Amino acid sequence: MKHRVVFLVMFLCLSTLFLLAQAATTPGAAASKEDVQKLFAVMNLRQQMLAIMDSMVKQQSEMMRDSLKKRSPQISDAEIQRLETAMHEMMKEFPYAAMLNDMIPVYQKHLTKADVAAMTTFYSSPTGKKLLREMPSMTTESMQAAYPTMQAYMEKVMARVDAMAQEEQEKAPAPAAPAEKK
């Protein structure tokens, strides 16, 4: 009898452990914070973010410089340089670590433990590592390729904004002339 009770307790314990282990590896199991952090580490996500943001800042600087020169031809190179320096300084303070922490629950919401494991495996593979290594260059080159399209679009937008401002100015009642003194 005593052996049966011990056997039953052991059976229940092992069954419980088996079920917990199975639940942790089933496709629908939620990814843990640690799973997502491991994925971020394998993906070098912080470094990827830094590289992409740097590329974007450079691209935005070019667009800003071109736009400012067209809209305000009198602006000096020193003034433009001050604006660019300020933009670069702001980017140094960008809260990358906080953003990564904010992203974890989003990944947990949309990805299962199995998804995160598969992605971690992929990004640990030679092809995944190559994709991660090439991504900043691909992003930069893509932005450079799209720059003329973006610039043309921004010019249309600015022309539209100018036209709307002009219309509003024309609709506004003329200021009343000062009353003449008698």
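Structural remarks
- Per-region count, the stretch 37-76, residues touching a helix residue (DSSP H, G or I) at 6+ places or on another chain (Cβ under 8 Å), without any contact (Cβ under 8 Å) to a residue 24 or more places away in the chain and not basic (Lys, Arg): 3
- Across the stretch 74-97, the number of residues qualifying as surrounded by 10 or more Cβ atoms within 10 Å (Cβ to Cβ) and basic (Lys, Arg) comes to 1.
- Glu170 being among the charged types (D, E, K, R) and out of contact with any helix residue (DSSP H, G or I) (no Cβ under 8 Å at 6 or more places or on another chain): yes
- Here Leu100 does not qualify as free of Cβ contacts under 8 Å to residues at least 24 places away in the same chain, surrounded by 13 or more Cβ atoms within 10 Å (Cβ to Cβ) and closer than 19 Å to Arg46 by Cβ.
- Filter result (among the aliphatic types (A, V, I, L, M) and surrounded by 15 or more Cβ atoms within 10 Å (Cβ to Cβ)) within the stretch 33-62: Val36, Leu39, Val42, Met43, Leu45, Met49, Leu50, Ala51, Ile52, Val57
- Listed conditions (1) at pLDDT below 85; (2) not in a helix (DSSP H, G or I) are all met by Thr140, apart from (2).
- Residue satisfying condition, being within 20 Å of Ser124 (Cβ to Cβ) and modelled with pLDDT under 80, within set Thr16, Thr25: Thr25
- Looking across the stretch 90-118, the residues that are assigned to a helix (DSSP H, G or I), among the charged types (D, E, K, R) and over 15 Å from Ala29 (Cα atoms) come down to Lys92, Asp102.
The values are calculated or read from the model by the stated rules, or taken from the named source; none is laboratory data. Remember, predicted model here, so these are calculated numbers, not experimental data. Here the Cβ is made from the backbone with ideal geometry for all residues, glycine too, and neighbour counts use every protein chain on show.
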